[in-house]
Every structure is written in C-alpha cells, then in structure tokens.
Amino acid sequence: MAAPTPKPVVILKPTKQVKGLFTIIRDKQTSREDFIFYSDRIIRLLVEEGLSCLPFSETTVTTPTGCTYNGVEFASKICGVSIVRAGESMEAGLRAVCKQIKIGKILIQRDEETAKPKLLYSKLPSDIATRHVLLLDPMLATGGTVAQAVSVLLERGVKEENIIFINLLAAPEGIKFFQDLYPQVTIVTGEIDSNLNEKKYIVPGIGDFGDRYFGTEH
Ligand code: PRP
Ligand code: URA
C-alpha cells in the first residue's frame, strides 16, 4: 500500500521583515538580549500561523451599526505542549494570544554525542485527548525529539491529525524522517535550511537555540 501523502509544511511568508528577523538571530555576534527579543517576535508570528491551521466554524455577529457580519470562530479546544527545555521559550508567545491556555510539558534531551533523544518526563492536561495540540520546539533537526514527543501524545489519546508542531527552523532530513512516521501532523516552520552537519546541527542554522536563549553553554 502507498504511504499516505504528508500534510504540506506551512512556512512563514518570507517577507523582508521575516528575513530581517532571521538575519538577526542567525548572526553569531547577536547579544543574548537581542536574540531573545527577535526570536520572540518570530515566535509570535509562528503562533498566529499555527492558530490559522485550526478548524473554524461559521458564525454571525451584529455590529454596532446594526448590521450582520458573517464571521468564523474557533471550533475546537486547544492546549499547548512544550518540549523542555528550548520549547519553553515559546510558551509566552502562545500565552500572549491564547488567554488561560493549558500548557503541558514533555522533557526530552538530545544526547550530545549520538544526537538520539531521551524522554525524561511528561506532564499533560488530563483531557488532552479531546484537544488540538500546539506542540512547541524551536528546532527540527534530525526529527528524533519531536517524533518521540508525538509518540507520547498519541499514547495519551491525542489524534495525529490534531497536532500542530510549531518550530522556528527545520532541516529537510528532519522533516522527511518525521513525516514518514507522522504524515498527518501539521508542521509550521519559519525557514527550512540546507542540511544537517556532521554533529547533526542545522546549517546554516542558528547554533544551539536553547543555549543562546537561556544563556547557557556546553
Ligand atoms: C534541541 C532542540 C530540539 C532538539 C532538536 O534540544 O530544542 O528539542 O534539539 O533536535 P532533533 O530534531 O535532532 O531531535 P536539546 O536536546 O539540545 O535540548 P535543549 O532544549 O535543552 O536545548
Ligand atoms: N538543536 C539546536 O538547538 N540546534 C540545532 O541546530 C540542532 C539541534
């Protein structure tokens, strides 16, 4: 049987403004303060893009002029899930646009030698199976980390097609690996880079996102 066609990857519209924001965060000379500020701006755009992928239903409202406006409203319950640690950097951007959103956590660390992910902890909303999930992690490199996170969500009863994975930067190898496993997950990304280097870092990339955002180094 032929493999199911994966959902198309949603990429932020490459306006000069978006390109300018990426230029700043990719620059190794950029200070931590600016890295955080400009990453947060990209994250806000990505979250808005991710919300656009959710189901909507039609509704009408009456405007102050007494006219009817045919509009739409969200048709599903949602929650966020961040992949700790770097994914936590995206929580504020999600909270800024979704009031009181529930946010679960999955702690997965990539082994620095082998680049293999290790699942260490998860804590998720009890009713997560009934929700669409906005899964947050800035980097999609080999795809191992997000694949493990999705397997945790599926075990908890989340439907694959109800997962929207939001990231800033993706490598083609990681997209392929992930979509071969989970073709029904929607990927929303900022830019797709050239490839992975021998250390499984994205190139040209931005380096280690978590270290630059949280001010740590290894
Ligand atoms: C980074 C990043 C992703 C993962 C991507 O996390 O935030 O979670 O690597 O790599 P992959 O697609 O090859 O799995 P890391 O494990 O370095 O931890 P951090 O969040 O503490 O930076
Ligand atoms: N994690 C990062 O932070 N950056 C990469 O390029 C790959 C994994």
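The values are calculated or read from the model by the stated rules, or taken from the named source; none is laboratory data. Remember, it's a predicted structure, so these values are computed and weren't measured experimentally. Glycine also receives a Cβ, built like all others from the backbone with ideal geometry; neighbour counts cover every protein chain displayed. Please note that ligands, DNA and RNA were not included when accessible areas were found on the heavy atoms of the full protein model with its side chains. Shrake-Rupley method; radii C 1.70, N 1.55, O 1.52, S 1.80 Å.
For the range 113-156, filtering for residues that are among the β-branched types (Val, Ile, Thr) and touching a Gly at 6+ places or on another chain (Cβ under 7 Å) leaves 2.
Filtered by the rule that a residue be away from ligand 2 (no atom under 11 Å from the Cβ), within 22 Å of Met90 (Cα to Cα) and of a type in the set (Gly, Ala, Ser), the range 187-210 gives a lone residue, Gly190.
Listed by first and then second residue, the pairs with beta-carbon distance under 6 Å, at least 6 apart or on different chains, first residue in the range 69-89 and in contact (Cβ under 8 Å) with a residue 60 or more places away in the chain, second of a type in the set (Asp, Glu), are Ile83/Asp137. Restricting attention to the range 192-218, the residues being of a type in the set (A, V, I, L, M), in contact with a helix residue (DSSP H, G or I) (Cβ under 8 Å, 6 or more places away or on another chain) and more than 9 Å from ligand 1 (Cβ to nearest atom) number 2.
Exactly one residue out of Ser122, Ser126, Ser151 is farther than 25 Å from Phe22 by Cα, in a helix (DSSP H, G or I) and either away from ligand 2 (no atom under 12 Å from the Cβ) or open to solvent by less than 50 Å² (accessible area, probe 1.4 Å) (or both): that is Ser151. Annotation: of all residues in the range 129-147 being within 10 Å of ligand 2 (Cβ to nearest atom) and open to solvent by 30 Å² or more (accessible area, probe 1.4 Å), the one that is farthest from Ser39 (Cα to Cα) is Thr142.
Could you look through the range 1-55, keep only residues that are of a type in the set (S, T, N, Q) and part of a helix (DSSP H, G or I), and pick out the one that is most open to solvent (accessible area, probe 1.4 Å)? Of everything passing the filter in the range 1-55, Gln17 is most open to solvent (accessible area, probe 1.4 Å).
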